[in-house]
Amino acid sequence: MTVTTTSRTVTLDPNRNVPGVRRQGFPDAVRAEWIKFWSVRSTTWSTVMLFVLGAGLTVLVCATSAEWLASGKADESPASFVTWGMMFAQITAVVLGALIATSEYGTGMIRATLAATPRRGTVLAAKALVLSSTLFVAGTVTAFAGYLGGNWFLDDHGVGVALTDDGVLRSMVGSGLYLAVLGLFALGVGVLVRHTAAALSIVLALVFVVGTMVFLLPGAWGEWIGKLMPGNAGSGVATPVSFNPDLLEPWVGFAVFSGEVAAVLLVAYLVFRRRDA
Amino acid sequence: MIVARGLTKTYGDKKAVDGIDVTVEPGRVTGFLGPNGAGKSTTMRMILGLDRPTAGTVTVNGHRYPDSPAPLREVGALLEARALHPGRSARDHLRWLAVSNRIPVPRVDEVLELVGLTSVAHQRVGRFSLGMGQRLGIAVALLGDPPVVVLDEPVNGLDPEGIRWVRTLARQLAAEGRTVFISSHLMSEMALTADHLVVIGRGRVLADCSMSDFIARHAASFVRVRSPQPADVADLLRRQGLDVVDEDDELRVQGLDPAAIGELVGKSGLYLHELTLVRSSLEDAFMTLTAGSVDYSAATPVGAPR
C-alpha cells in the first residue's frame, strides 16, 4: 500500500466550527443510523428472511391446508391461516432489533457512535425510529403479500377471506405494528445486556417458550399471566382470528404489549444514559 | 485546548485515574505517556464524554465535550482501531459519521485520500490489516477538520513507513495551530514526535514538562571508568566530591566530564583501562520514572545478564 504524503487541502480556522455551526439535531442522528443500519449485510438478509418466512410460509400453509379447511372437518378458522407465517417472521424482527444495539457493543462501535452523537437519548431514539419504521413497512408489506398469495389457494377452495372481513385489514397493519414494537423490545433488551446471543435468547425465550408455558399455570391468575406475557398480548393484533382463544382483545393486547415495551425502553434509556461506553 | 482538573475515575476500589491536572495547549504535540494500565485510555475516554468522571472535570475548548454543537468538528479522535463494524465499508463508516455532524459528504473522499485508503474505500473493514484499520481511525479523527486531535496509540500496528507518516502528520497538525494529544507507551516514539510530555503512572501525573526539559532532567548520564586499581581510583574521585558507584568491575562517576576525570586520574599516576561517557536513553529514563507504577511488570529472572 502506498502512502499519500499529506497534501492539505484545508486550512485551519480554529473557530470555524464553534459556535457558528448549527447544532447537530435528531434528523442528523436518524440519517446516520439509517446509513449504519443499511450498510451491513445482516440487515438486508434479515429483511429478506422476514419476507420469505412471513409471506412464503403463509402461502405454503394455506396451499396445503385449503382442502382440509374446505372439508368441513376443520376446527380452525381459515382467517387464522392468512397470517400464519408472521409467527416465524417475528424471529427476524427480534434479530434486527437486538443487532442494532448489540452489534455496536460487540465491535466497540458504540464509542464511535457516542463520540459522534454524545446525547444518548438522541442515539437511542434514532435507532428506535429507524428500526421500527423499517419493521412496520416490512411487516405490513409481508403480511399483505402472504394474504394475497395464501388467500388465492383458500379462494380456490371457496374458503377465502375478504380484505373487508372482520379483522383482516387490521391484521395486515397489525403485523407491521407488532413486528415494529417487538423489534423495539429486542432493542431495549439489547441495550441492557449488550450481548447478541444473550439478547436473542432472552427475547425469543420470553416470546416463544415462556409465553406458551405460562398457560400451564393453574387458575385465573395463571390465565392472566399468560394473557399479559409480551408475545401473547402483542401478537393478537397481527392475525384476524387467533389460534389461541384465551388472548386479550387485539387492540387491548397491543396496548398492553406497547406499554411493556415502553417500560423496557425507559429502563434501557436510564441505564444507557449513565453507563460508561 | 484540553483542560483536566482533578480528573478522577474509580472502578470499584481501584483508581484508574487519580486526580489529574493537565492542560493540553494548542500549537504543539503533547505526548501522553505511561505504561499499560496507567490510565491513558480512561483519560481519553473521559475527554470524549464516553466515560463519566468519578470526580473532577475535563473540558475541550472551554466546555464539556458532550455540549459541543458538532463534536466531530471540534475534536477528532482515534480510539481503539477496532471501533468499527467489520461488515461495513470504510467509506460507509465515514459517511455515517459525517452525516451525524453535518460534515459535507465530499470530505469523506478527501480524508480517504489523505490516509491513502481510496483504493479500498469500498472494501469491508473486517478485511483490513491492523495498519489499514489504524489509518481509517486517523481518517475518522480528521473527518471534521477539528482544531483538537486526540490519538490513542496511533502507531500501534503500523509499519515503519506508517509510523513516520503519523509522526509527520501530528507535527503538521500542531504546526497548523491545532491541539494535538497523542498517547503512547513508547518513549522512543514520543521523543521524536512530541514537543511536550505528560507522563502518568497508576493514574497520577509523574511529569508534565517540555520534551527538552524531560531529557535534561531524566536522561541521566555518567562516566564509566575501568581501572586495574578501582579502589584507589574511587577514593581519589570521591575525595574530589564526585558521586562514584561501584558496579561489578566498573565505576560509574557522575559530576565531571571524561576529560577532567582522565586528567585527575593521570595526575595521581593511576592507570585507566576505560573512560566512557554513557548516556542513559529516554526509554531508560521513562522506565525509571514509572518503575514504581507499573501494574503488570515481568519479573526479571535472577542472575539474568544485564
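The values are calculated or read from the model by the stated rules, or taken from the named source; none is laboratory data. What you see is a predicted model; the values in this text were computed from it and never measured. Note: ideal-geometry Cβ built from the backbone for every residue, glycine included; neighbour counts use all protein chains shown. Side chains included, ligands, DNA and RNA excluded: accessible areas come from the protein's heavy atoms. Shrake-Rupley method; radii C 1.70, N 1.55, O 1.52, S 1.80 Å.
Spelling out what I want: for every residue of segment A:231-242, take phi, set θ = phi - 60°, compute 6.51 cos²θ - 1.76 cosθ + 1.60 (Karplus), and round to whole Hz; glycine and proline get x.
x, 5, 5, x, 6, x, 6, 8, 9, x, 9, 6
Can you pick out the pairs among B:Lys14/B:Lys40; A:Lys127/A:Lys227; A:Lys36/A:Lys127; A:Lys73/A:Lys227 whose Cα atoms lie more than 18 Å from each other? All intermediate terms of the calculation are to be shown ahead of the outcome.
Working: B:Lys14/B:Lys40 15 Å; A:Lys127/A:Lys227 29 Å; A:Lys36/A:Lys127 10 Å; A:Lys73/A:Lys227 29 Å.
Violating the 18 Å Cα-Cα cut-off are A:Lys127/A:Lys227; A:Lys73/A:Lys227.
Across the residues of B:83-91, average count of Cβ atoms on other protein chains within 10 Å?
Shielding by partners across B:83-91 averages 5.
Keeping all protein chains in place and using 1.4 angstrom, which order do B:Thr54, A:Thr47 fall into by accessible surface area, from largest down?
Heavy-atom accessible area, descending, gives B:Thr54, A:Thr47.
Per residue of B:60-71, what is the mean number of Cβ atoms on other protein chains within 10 angstrom of that residue's Cβ?
The mean count of partner-chain Cβ atoms within 10 Å per residue comes to 5.
Dipole of segment B:78-143, Cα-centred, from +1 at each Lys and Arg C-beta and -1 at each Asp and Glu C-beta, to the nearest 20 debye?
Its charge dipole is roughly 180 debye.
Please go through segment A:46-139 and write out the trypsin sites (Lys or Arg not before Pro) that DSSP classes as loop and that have at most 10 other C-beta atoms within 10 Å.
Those satisfying the criteria are A:Lys73.
Within chain A, which DSSP H helices have Cα atoms that stretch 24 Å or more along the helix axis and a mean Kyte-Doolittle hydropathy of at least -0.5? Kindly include the intermediate steps, with their values, before the conclusion.
Values: long enough: A:86-107 (31 Å, 1.22); A:120-156 (53 Å, 0.85); A:168-193 (37 Å, 1.95); A:250-274 (36 Å, 1.37).
For chain A, where a helix must reach 24 Å along its axis and average at least -0.5, the hits are A:86-107, A:120-156, A:168-193, A:250-274.
With +1 on the Cβ of every Lys and Arg and -1 on the Cβ of every Asp and Glu, and nothing else charged, how large is the dipole of segment A:26-274 about its Cα centre, in debye rounded to the nearest 20?
On the way: 13 positive and 14 negative charges, 299 e Å.
With only Lys, Arg, Asp and Glu charged at Cβ, the dipole is about 1440 debye.
Given a 1.4 Å probe and the protein chains all in place, what does the accessible area of B:Tyr11 round to, in Å² to the nearest 10?
90
Using r as the Cβ-Cβ distance of A:Ser77 and A:Arg274, and R0 as 45 Å, what FRET efficiency do you calculate, to the nearest 0.05?
Working from the Cβ atoms, E equals 0.40.
Report the extension gain between A:Ala198 and A:Ala263 in nm, rounded to one decimal, defined as 0.36 nm multiplied by the number of residues separating them, less their alpha carbon distance.
Working: separation 65, 0.36 × 65 = 23.40 nm, distance 1.94 nm.
Extra length from A:Ala198 to A:Ala263 when fully extended: 21.5 nm.
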